Amino acid sequence: MNKTKIEYLDYTTNPLVGCLGVGCAVSKVCWASGQAKRAKHRCPMCYVFLPHVHYERFDDPLKVKKPSRIGYCFMSDFFDKEISEDIRRQLKEVMRKAYWHTFIVFTKQPQNIDLNEDYPSNMWIGVSVNQQKDCWRIDALRKVPISVRIVSFEPLLEHIDADLTNIQWVIIGAQRRPNKQPHYHWVATLVSYARIFGAKVFLKNNLYPRPTTIHYQEYPKLKTYE
């Protein structure tokens, strides 16, 4: 488990590392692949960033007893087609055992989510949306029987009109390395949509200068399935 500087999390842990970059708008400046290269001497697969499993990290959440928000597999895509359903089931079982934590996973491939699976109540699923053409992922996420659905507009690369019906949390941020800030009105538009549809809003600290007049850092509450 790693303490993290991601403002809305307490920890990250990465039993899955690497992805195929399917549908990724920022694959050429991917922070996760850059981080993974630091493991060059420990794990050659991390260095080339191909999808693979670190079994030794599976039980890490069970070692932290304080209830925490955990970014799960942020250096991969939880629903990458190269990750087997059996591995995902094992990871979901860890979430169930560590029932006092909240686990947050993201994907750019929601078409791979099994809608007939039973998902832990403490598992929140999000999709990444960087451009207007990515909004189909929100439609796919809406179909998932999960307690909290998240849309991460990070990095926000253009003006986006989004239907946020049945979305509980919206996260908005900028691109880093190289720094690429979204226009203020792009951010303000998404905040207004979130307000209309009842979603909580979290504006990342990497938005600079910060839109102080709408500087929300809110969290959703766990709720029953809908």
With in contact with a Phe, Trp or Tyr (Cβ under 6 Å, 6 or more places away or on another chain) and either assigned to a loop (DSSP other than H, G, I, E, B) or aliphatic (A, V, I, L, M) (or both) as the only criterion, which of Leu164, Leu157 stands out?
Leu164
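To keep it simple, each residue is scored yes or no on (1) at pLDDT below 95; (2) under 20 Å from Ser76 (Cβ atoms); (3) buried (at least 21 other Cβ atoms within 10 Å of the Cβ).
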position: Ile125; (1), (2), (3): no, yes, yes
position: Trp136; (1), (2), (3): no, no, no
position: Leu156; (1), (2), (3): no, no, yes
position: Thr165; (1), (2), (3): no, no, no
position: Trp169; (1), (2), (3): no, no, yes
position: Asn205; (1), (2), (3): yes, no, no
Looking only at the range 45-58, which residues are in a loop (DSSP other than H, G, I, E, B) and in contact with a Pro (Cβ under 6 Å, 6 or more places away or on another chain)?
His54, Phe58
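Among the residues of the range 59-115 satisfying the criterion of being assigned to a helix (DSSP H, G or I) and among the aliphatic types (A, V, I, L, M), which is surrounded by the fewest Cβ atoms within 10 Å (Cβ to Cβ)?
Leu62
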I'd like to know if the range 59-72 contains one or more residues that are in contact with an Asp or Glu (Cβ under 9 Å, 6 or more places away or on another chain), closer than 25 Å to Gly21 by Cβ and free of Cβ contacts under 8 Å to residues at least 60 places away in the same chain.
no
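The values are calculated or read from the model by the stated rules, or taken from the named source; none is laboratory data. This structure is a prediction, so every number in the text was calculated from the model and none was measured. Note that we place each Cβ from the backbone using ideal geometry, even for glycine, and neighbour counts take in every protein chain shown.
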